[in-house]
Amino acid sequence: DSLCQWMKEHPDAHFVAIETKDTETAYATQELRNRMKKNGVTYTGMALRDLLTDSCDYALDASKENIFIMHSDRLNNVRVVLPHLTRLQENGYRIRIIGQYSWVKENIGIPMVYTSVFTATEGRETYEAMWEKYYAGSHVSETPRYDLLGYDLMKALIGRLQGAKVINGLQSDIHWQQVGAGGWQNTNVRVIEN
């Protein structure tokens, strides 16, 4: 819901969802679309084939920033549309995509918005100090490690079972909030723009 809140804070944006009949790739973004509907965020659907044939002007708004909801969370499935989005930029449209954290290392050439639980990009000095404490050396990468996220998640799960509501991890701080009468979710998810 952090991403939906970000969307509501950008009334100057026009959201465009790339649609495909391939249910395997469509499923990856269906959850986001459901949350958008639940939160009152509107979007325009665009058939993938229309984007690939450069006949998609009907779904765009030249007066706003067009933010694309991709048809897959796998970069290899998305690469085919990137040249077409670049062409739209060249034709004067303002374009951005909702991407995945894992795409940050790639040079996709299009501005991106993504959500992350990682804290490594914020408070870098604190992160480096914690890293040195645990590993007796400097962190050599600009991106967090997934195995350490697993460590933080396990620490958070055990902490939650013991009643803790906030867990300070090495790479991610987890803030628990109960969803209705059901399970718990991490509310410390940040929307990052680049």
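The values are calculated or read from the model by the stated rules, or taken from the named source; none is laboratory data. Everything quoted here is computed from the prediction, not taken from an experiment. Don't worry about glycine lacking a Cβ; one is built from the backbone with ideal geometry, like all the others, and counts go over all protein chains shown. Just the protein is used for accessible areas: all its heavy atoms, side chains included, with ligands, DNA and RNA removed. Shrake-Rupley method; radii C 1.70, N 1.55, O 1.52, S 1.80 Å.
Looking at this structure, is residue 129 of a type in the set (A, V, I, L, M) and not in a helix (DSSP H, G or I)? Break it down stepwise before answering.
Working: of a type in the set (A, V, I, L, M): yes; not in a helix (DSSP H, G or I): no.
For residue 129, the condition - of a type in the set (A, V, I, L, M) and not in a helix (DSSP H, G or I) - is not met.
Could you list all residues from the range 138-194 that are under 19 Å from the mean Cα position of the chain (by Cα) and part of a loop (DSSP other than H, G, I, E, B)?
Here is the first cut: in the range 138-194, the ones under 19 Å from the mean Cα position of the chain (by Cα) are 142-146, 149-150, 153, 171-175, 185-194.
Hits for the range 138-194 are 142, 143, 144, 145, 171, 172, 173, 187, 188, 189, 194.
What number of residues within the range 110-119 satisfy the criterion of being at pLDDT below 90 and part of a loop (DSSP other than H, G, I, E, B)?
Residues meeting the conditions: 3.
Of the residues 57, 50, which is open to solvent by 80 Å² or more (accessible area, probe 1.4 Å) and modelled with pLDDT of 90 or more?
Numbers: 50 fails: open to solvent by 80 Å² or more (accessible area, probe 1.4 Å).
Within the list 57, 50, the selection yields 57.
Restricted to the range 76-94, and to residues that are hydrophobic (A, V, I, L, M, F, W, C) and surrounded by 15 or more Cβ atoms within 10 Å (Cβ to Cβ), which residue is nearest to residue 58 (Cα to Cα)? Walk me through how you get there before you give the answer.
Pass one, the range 76-94, residues hydrophobic (A, V, I, L, M, F, W, C): 78, 80-82, 85, 88.
Those left that are additionally surrounded by 15 or more Cβ atoms within 10 Å (Cβ to Cβ): 78, 81-82, 85, 88.
On the way: 78: 21, 81: 17, 82: 19, 85: 15, 88: 13 Å.
Among those residues, the one meeting the criterion is 88.
Among (1) farther than 19 Å from residue 114 by Cα; (2) open to solvent by 10 Å² or more (accessible area, probe 1.4 Å); (3) touching a helix residue (DSSP H, G or I) at 6+ places or on another chain (Cβ under 7 Å), where does residue 73 come up short?
Result: residue 73 fails condition (1) only.
Just name the residue that is surrounded by the fewest Cβ atoms within 10 Å (Cβ to Cβ) out of those in the range 170-185 that are closer than 18 Å to residue 127 by Cβ and modelled with pLDDT of 80 or more. Talk me through it step by step, then tell me what you get.
Taking the range 170-185 first, the residues closer than 18 Å to residue 127 by Cβ are 170-175.
Adding the requirement that they be modelled with pLDDT of 80 or more leaves 171-175.
On the way: 171: 21, 172: 23, 173: 16, 174: 24, 175: 14.
Going through the qualifying residues, I end up with 175.
Sort out which residues of the range 130-161 are touching a Leu at 6+ places or on another chain (Cβ under 8 Å) and either within 21 Å of residue 103 (Cβ to Cβ) or surrounded by 13 or more Cβ atoms within 10 Å (Cβ to Cβ) (or both), and write them in order of number. Quick ask: steps written out before the conclusion?
Step one: list which residues in the range 130-161 are touching a Leu at 6+ places or on another chain (Cβ under 8 Å), which gives 130-131, 134, 148, 151-152.
Of everything in the range 130-161, those that are touching a Leu at 6+ places or on another chain (Cβ under 8 Å) and either within 21 Å of residue 103 (Cβ to Cβ) or surrounded by 13 or more Cβ atoms within 10 Å (Cβ to Cβ) (or both) turn out to be 130, 131, 148, 151, 152.
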